[in-house]
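The values are calculated or read from the model by the stated rules, or taken from the named source; none is laboratory data. What you see is a predicted model, and the numbers here were worked out from it, not measured in a lab. Because the Cβ atoms are built from the backbone with ideal geometry, glycine has one as well, and the counts that use them run over all protein chains shown.
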Amino acid sequence: MKVNQALKKSQEKLKDNIKDYQKEALLIASFVLESSPEKIISQLDKKIKLSHFKKIIKLSKKRSQNWPLAYLTGTKSFYNLDFIVNKNTLIPRPESELIVDQIIKNDFDNTNQETIIIDIGTGSGCLIISLADILKNKGRISFYAIDISQKALKIAKKNAKKHKLRKAIKFLRGNLLKPIRHKLKNIKKESHVIIIANLPYLSKEEVKKEPSIKHEPQRALYGGKDGLEYYKKLWSQIKKIKEKNNKINFTVYQEINDWQKDKLEKIIIKKIGPQGPQSEIIKDLNDQQRLLITSY
């Protein structure tokens, strides 16, 4: 078998269901043959092992059945870093890079205030690891990653170790802020707490109509009837912590769908009161309202 034969067979498997089937056939071959796409194209007549050919076809068949390419290759790029992913973690989305963009705009160099960055529902750890990689030498910053899934935390820890940040990030298992609420309530100095809340925010209808996400963990996607159930619980927790300790200034970065912006703002005001929170919305590259940033 030759490389060009494997690519042709792979493309045949993919073309009916995958839009960029030629590109993805090349990426699958690149993964199996442990070579760059450019090198593969330059060596189309090169012979390959039968086992490699069979693996390329097997993965192409799974991809044609809407298995995410990232799960087949076990890796996904996010904010210029490569992350290990599997069926226990949500696949990092380009839209989520907005969160990193906005947080690093903070002037961490010129503040004596302690900063705590908490990534709730960390999954693969892509957000907190990207931030720790950029901000590790800026100011007094502590990094925390929380997830209710032990299997997801295991992957996040592997990714932190891969990028030499395992000691920089504390990993906790639990629901939303519960694993860290005791620490927050007992902070004695003025502190800035940044919460990354890329929580499940899809409604049941949205989950159903997206075949591309059916193989991803549903608990990381489905956010209740209106997609905002976890945000309601989060703001109840924030309110209780703030009532116990007013030395904390919260900034919450909340990824949402375009239509959820007004609903989430109403939820926050209902939980906190109209005088407390201040919010701004950031649009993504598709001009969709994607990131609600609330200070409290």
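Which residue, of LEU202, LEU176, LEU221, LEU184, is without any contact (Cβ under 8 Å) to a residue 60 or more places away in the chain and aliphatic (A, V, I, L, M)? Spell out how you get there, then give the answer.
On the way: LEU176 fails: without any contact (Cβ under 8 Å) to a residue 60 or more places away in the chain; LEU221 fails: without any contact (Cβ under 8 Å) to a residue 60 or more places away in the chain; LEU184 fails: without any contact (Cβ under 8 Å) to a residue 60 or more places away in the chain.
One residue alone meets the criteria, LEU202.
Of the residues that make up segment 135-152, is at least one of a type in the set (Ser, Thr, Tyr), surrounded by 20 or more Cβ atoms within 10 Å (Cβ to Cβ) and within 23 Å of VAL85 (Cα to Cα)?
Yes: one or more hits.
Of (1) within 25 Å of LYS164 (Cα to Cα); (2) surrounded by fewer than 18 Cβ atoms within 10 Å (Cβ to Cβ), GLU38 satisfies all except one. Which?
Checking GLU38 against (1) within 25 Å of LYS164 (Cα to Cα); (2) surrounded by fewer than 18 Cβ atoms within 10 Å (Cβ to Cβ), the one that fails is (1).
Would you pick out the residues in segment 235-253 that are farther than 15 Å from GLN113 by Cβ, among the aromatic types (Phe, Trp, Tyr) and in a strand (DSSP E or B)?
TYR253 - this is the single residue of segment 235-253 that is farther than 15 Å from GLN113 by Cβ, among the aromatic types (Phe, Trp, Tyr) and in a strand (DSSP E or B).
Can ASN106 be described as more than 23 Å from ILE282 (Cβ to Cβ), out of contact with any Lys or Arg (no Cβ under 8 Å at 6 or more places or on another chain), assigned by TED's automatic domain parsing to the domain that holds LYS214 and assigned to a loop (DSSP other than H, G, I, E, B)?
In short, no.
Inside segment 254-274, can you point out the residues that are at pLDDT below 90 and outside any helix (DSSP H, G or I)?
ASN257, GLY273, PRO274
Okay, residues lined up against (1) in contact (Cβ under 8 Å) with a residue 12 or more places away in the chain; (2) part of a loop (DSSP other than H, G, I, E, B):
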| site | (1), (2) |
| --- | --- |
| GLN5 | yes, no |
| ASP16 | yes, yes |
| LYS19 | no, yes |
| ALA29 | yes, no |
| SER51 | no, no |
| ILE57 | yes, no |
| TRP67 | yes, yes |
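Can you tell me how many residues in segment 176-205 are at pLDDT below 95, surrounded by fewer than 16 Cβ atoms within 10 Å (Cβ to Cβ) and within 17 Å of GLU229 (Cβ to Cβ)?
Number satisfying all stated conditions: 2.
What pairs come up if the first residue lies in segment 243-267 and is over 30 Å from LYS189 (Cβ atoms), the second is β-branched (Val, Ile, Thr) and not in a loop (DSSP other than H, G, I, E, B), and their beta carbons are under 8 Å apart, counting only those six or more places apart or on different chains?
Qualifying pairs under 8 Å: LYS261/ILE281.
Which residue is farthest from GLU97 (Cα to Cα), if the candidates are limited to segment 266-290 and must be exposed (fewer than 15 other Cβ atoms within 10 Å of the Cβ) and of a type in the set (D, E, K, R)?
LYS270
Looking at THR89, THR111, THR115, which is the one that is assigned to a loop (DSSP other than H, G, I, E, B) and crowded, with 17+ Cβ neighbours inside 10 Å?
On the way: THR111 fails: crowded, with 17+ Cβ neighbours inside 10 Å; THR115 fails: assigned to a loop (DSSP other than H, G, I, E, B).
From the options THR89, THR111, THR115, the qualifying one is THR89.
All but one of (1) crowded, with 21+ Cβ neighbours inside 10 Å; (2) in a strand (DSSP E or B) hold for LYS170; which doesn't?
Only one criterion is unmet by LYS170, namely (1).
Which members of segment 122-147 meet the condition of being touching a strand residue (DSSP E or B) at 6+ places or on another chain (Cβ under 7 Å) and either over 20 Å from LYS161 (Cβ atoms) or not assigned by TED's automatic domain parsing to the domain that holds ILE194 (or both)?
Those that are touching a strand residue (DSSP E or B) at 6+ places or on another chain (Cβ under 7 Å) and either over 20 Å from LYS161 (Cβ atoms) or not assigned by TED's automatic domain parsing to the domain that holds ILE194 (or both): GLY139, ARG140.
Mind telling me which of the residues PHE78, PHE31, PHE53 ends up being more than 24 Å from LYS161 (Cβ to Cβ), surrounded by 16 or more Cβ atoms within 10 Å (Cβ to Cβ) and not assigned by TED's automatic domain parsing to the domain that holds ILE128?
PHE53
Suppose we keep only residues that are within 20 Å of the chain's Cα centre (by Cα) and aromatic (Phe, Trp, Tyr) within segment 216-239. Which one would you say is surrounded by the fewest Cβ atoms within 10 Å (Cβ to Cβ)?
If we take residues in segment 216-239 being within 20 Å of the chain's Cα centre (by Cα) and aromatic (Phe, Trp, Tyr), then TYR222 is surrounded by the fewest Cβ atoms within 10 Å (Cβ to Cβ).
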